[in-house]
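These notes are about the structure you will find just below.
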Amino acid sequence: MLTAQEALERLKAGNARFVKGEAVQQKLLSHQERAEMASEQNPFAIVLGCSDSRVPAEMVFDQGLGDLFVIRVAGNIVAPSQVGSVEFAAERYDCAVVVVLGHSHCGAIQATIDTLMNPQQPPSSNLMSIVNRVRPSVEILMQTDLKNDLKKLSAHAVRSNVFASVNQLRHGSAVLESLIEKGKMIVVGAEYSLETGEVSFFDF
Ligand SMILES: [Zn+2]
């Protein structure tokens with residue numbers, strides 16, 4: 001099992017390869033490896049990321065089959081089924097790190113901004129369940145001057161939404177809280193840049 005620090009270093013090194021166009025994973029995939037993994041998995045990190053087609057965790061971190069336990073949902077929100085997925089992987093596979101991965105130009109963030117600006121045209125109730133999870137992070141920013149600069153508002157909202165998800169994972173589950181208190185797991189936030197391919201890890 002990797003320590004949290006080792007796991008983070010491995011993710012950062014993988015992203016550096018991806019950014020430079022030197023990803024190695026493609027070459028390492030083989031029929032034999034796939035078959036060897038059929039009976040068990042041993043992922044070294046958990047990633048909660050957005051469903052956006054441009055942000056596949058395995059590719060941006062240049063990791064292969066069996067390396068990452070990935071939960072993807074629009075807006076990288078935390079609802080009970082996401083918490084349950086993280087609990088499952090954290091306990092079963094001893095993953096020492098959980099990364100909440102937001103990204104620039106997130107459609108779920110934009111949908112939330114649009115809904116708050118045009119409340120008379122709400123999305124479907126299903127989409128609203130995602131918007132409602134993102135909403136607190138955006139609402140607080142809309143009370144500042146950022147409301148006059150939609151680009152900046154969206155960029156800030158991505159970060160505060162990542163922070164909100166990190167916070168919910170750290171404090172919204174007795175199982176995870178206990179693993180964190182025992183020093184067995186950390187939850188970190190990060191943002192992927194669609195423009196550069198770089199993942200920046202946050203210090204909160
Ligand atoms: Zn997104």
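The values are calculated or read from the model by the stated rules, or taken from the named source; none is laboratory data. Values in this document were obtained by computation on a predicted structure and should not be read as measured data. Note that each Cβ is placed from the backbone with ideal geometry, even for glycine, and that neighbours are counted across all protein chains shown. What goes into the accessible areas is simple: the full protein's heavy atoms, side chains included, and nothing from ligands, DNA or RNA. Shrake-Rupley method; radii C 1.70, N 1.55, O 1.52, S 1.80 Å.
Of all residue pairs spaced 6 or more apart or on separate chains, those with beta-carbon atoms under 8 Å, a first member in region 36-51 that is polar (S, T, N, Q) and a second member that is within 16 Å of the ligand (Cβ to nearest atom) and open to solvent by less than 60 Å² (accessible area, probe 1.4 Å) are Ser51/Val73; Ser51/Ala74.
The helices (runs of 4 or more DSSP H) falling completely within region 69-149 that include 3 or more residues that are away from the ligand (no atom under 16 Å from the Cβ), open to solvent by less than 50 Å² (accessible area, probe 1.4 Å) and closer than 30 Å to Glu6 by Cα map to 80-93. Determine, yes or no, whether Leu8 is within 25 Å of Ala174 (Cα to Cα) and crowded, with 17+ Cβ neighbours inside 10 Å. When the stated conditions are applied, Leu8 passes them.
Among the residues making up region 118-165, those that are among the polar types (S, T, N, Q) and touching a residue at least 24 places away in the same chain (Cβ under 8 Å) are Ser129, Ser137, Ser154, Asn161, Ser165.
Restricting region 39-54 to residues that are surrounded by fewer than 15 Cβ atoms within 10 Å (Cβ to Cβ) and more than 16 Å from the ligand (Cβ to nearest atom), the residue that is farthest from the chain's Cα centre (by Cα) is Ser39.
Among the residues of region 55-68, those identified as open to solvent by 10 Å² or more (accessible area, probe 1.4 Å) and within 16 Å of the ligand (Cβ to nearest atom) are Pro56, Met59. Candidates are the residues of region 52-65 that are touching a helix residue (DSSP H, G or I) at 6+ places or on another chain (Cβ under 8 Å) and without any contact (Cβ under 8 Å) to a residue 40 or more places away in the chain; the one that is farthest from Val199 (Cα to Cα) is Leu65.
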